Amino acid sequence: MKMRIEFELNGKPVSAEVEPRLTLGDCIRHELLQTGTHIGCEHGVCGACTVIVEGDAVRSCLTLAVQAAGKRVQTVEGLANGDNLAPLQQSFQKHHGLQCGFCTPGFLMTAHALLTHEPAADEERIREVLSGNVCRCTGYLSIVKAVMDARPAYQANKAVQS
Amino acid sequence: MKMPQFDYACPSSLEEAIQLLSDNEGAKVLSGGQSLLPLLAFRMAQPTLLVDIQKLAGMDRIEISADGLRVGARVRWCQIEDDKRLATAHPLFQFMINHVAHYQIRNRGTVGGSLAHADPSAEMPGVARVCDCDIVAVGNAGERVIKAADFFVAALETSLQEDEIITEVRFPPWPSGRRWAFHEFARRRGDFAIAGVAVFFDIGSDGVIADAHVGVIGAGDTPIRLDAVEQLLNGQRLDEELIGRARHLASETVDPQSDIHAAGDYRKSLVGTLTARGLRDAASSGAVK
């Protein structure tokens, strides 16, 4: 039994006809053709598929598409402004926070949610939060550095908003 | 792998949700989905219908009063982590829950979901058991208050009926000055514990232990209490000699199975070690921990 769902993806309204068993990650990739979100383990241990739902980083393999109906969803495609990479992405580039790039969208969305909520997160907090994401290339040090170095952009952003 | 097929409903009232569970054999409740969806991905469960309770009102709050804590079934781990009142209202609960899984899962996983899933290594069932919580469930027959001791039946098995939905969990009040500690051992941060031990007790004006509670996760079919160790501790002054006896007794009392994560004998030894660490911590930390 397929169901029609509507939600907001990176600021734009989208709709899809989905089976209830379809994960949000598969819906975004296969129905909405936004392939920036990568699907790794499909049972909630690798973090590659992390997207942001209503401001919270969640695993899109452990969220059904039907559960996201009516919600605001953000994926890695929503970070950059056209060809201009977001500060967090620039920081990953600068610090070599990626090699093969498979895990990168998950790390970016996890770090983006964290720094949006906690722009002053210290290294220990950043490491704790990133512990839910697996990277087989970098050894993590460069990712932690990249996230730490992106904090001023979020702090400035928060100052502007408040 | 991809999940098996099932139907989906997202009712807006508790009555409607209970009706859906009664009318559809093999229906299951879906809340945060952080335990259920992995089971489906492994095809270890084949529900006919998932009843999503995200729209049910009034189950997403933590209420604190002189009678204790009332924690709604849809309260997420991140809410417990962020609730500053819990540092005094129930520090053990908050500390144990801070060991649950990872950031992304903590944003969706819920109290009721973890209780209903009943993983013997999980912190929520463990803290409910060691704190003598009441678990409130509502079904066609009305509301039922189930003692944590009667709730967990076996690994991934509870005394919930097919048509019952957990609505809240109630914690007895937590007196200020209570001594407590929680230690768990996992190979990596956020992984399920190989074993974990929670201890708490009060120190009377006579300087001896009263109302000792010792709870263990990851060393049985369900979260357990070590009655023998509690009896050993009550009425005694806590010193290294007593801690040594408690450590030995804790190891001897549990009978954990071997699995791919650890051997049973290793877990027995670990439970003793964690009990001793917990008692030392609780003794030295006092009221301020």
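What follows draws every value from the coordinates through simple rules; no lab data is involved. Fair warning: this is a prediction, and the values are worked out from it, not measured in the lab. Every residue, glycine as well, gets a Cβ built from its backbone with ideal geometry; the counts of neighbours run over all protein chains shown.
Of the Cα atoms belonging to segment A:3-78, the radius of gyration and Dmax stand at 10.8, 30 Å.
Legend: ranking of residues B:C78, A:C46, A:C41 from fewest to most surrounding C-beta atoms inside 10 Å; resulting order A:C41, B:C78, A:C46. Straight Cα distances below 19 angstrom link A:K158 to the aspartates and glutamates A:E54, A:D56, A:E118, A:D122, A:D149, with same-chain residues fewer than 8 positions distant left out.
Taking the beta-carbon count within 10 Å as an exposure proxy, list B:T273, A:T23, A:T104, A:T50 from fewest neighbours to most.
B:T273, A:T104, A:T23, A:T50
Rg/Rh, computed from the Cα trace of chain A with Rh as the Kirkwood radius, has the value 0.97. Rounded, prolate or oblate, given the Cα gyration tensor of segment B:7-52, with a/c below 1.5 counting as rounded? Because a/c hits 1.5 or more and a/b fails to exceed b/c, segment B:7-52 counts as oblate.
A DSSP coil position with no more than 13 other Cβ atoms inside 10 Å describes the following GluC sites (Glu not before Pro) in segment B:1-93: B:E25. Projecting the Cα atoms of B:A73, B:I135, B:M1 onto the charge dipole of chain B, computed from C-beta unit charges around the Cα centre, puts B:M1 farthest toward the positive end. Charge tally around A:N133: other residues with Cβ under 13 Å, Lys/Arg +1 each, Asp/Glu -1 each, net +4. Straightening the chain between B:E15 and B:F42 buys 6.6 nm, computed as 0.36 nm per residue apart minus the Cα-Cα spacing. Taking every DSSP helix (H) stretch of at least 4 residues in chain B, weighting each as -39,500 (n - 2.57) and dividing the sum by the residue count yields a mean residue ellipticity at 222 nm of -9500 deg cm²/dmol. Can you flag which of A:K71/A:K145; B:K2/B:K28; A:K2/B:K2; B:K28/B:K55 are past 21 Å Cα-Cα? Result: A:K71/A:K145 exceed 21 Å. Over all Cα atoms in segment A:121-162, the spread is summed up by Rg and Dmax: 12.1, 39 Å. Site pair A:C100 and A:R125 shows an inter-label distance of 3.2 nm when each label is modelled 7 Å from Cα along Cα→Cβ.
Using R0 = 25 Å, the C-beta based FRET efficiency linking B:A228 and B:D259 works out to 0.55.
Taking the number of Cβ atoms within 10 Å of each Cβ as an exposure proxy, the fewest-first ranking of B:D60, B:D206 is B:D206, B:D60.
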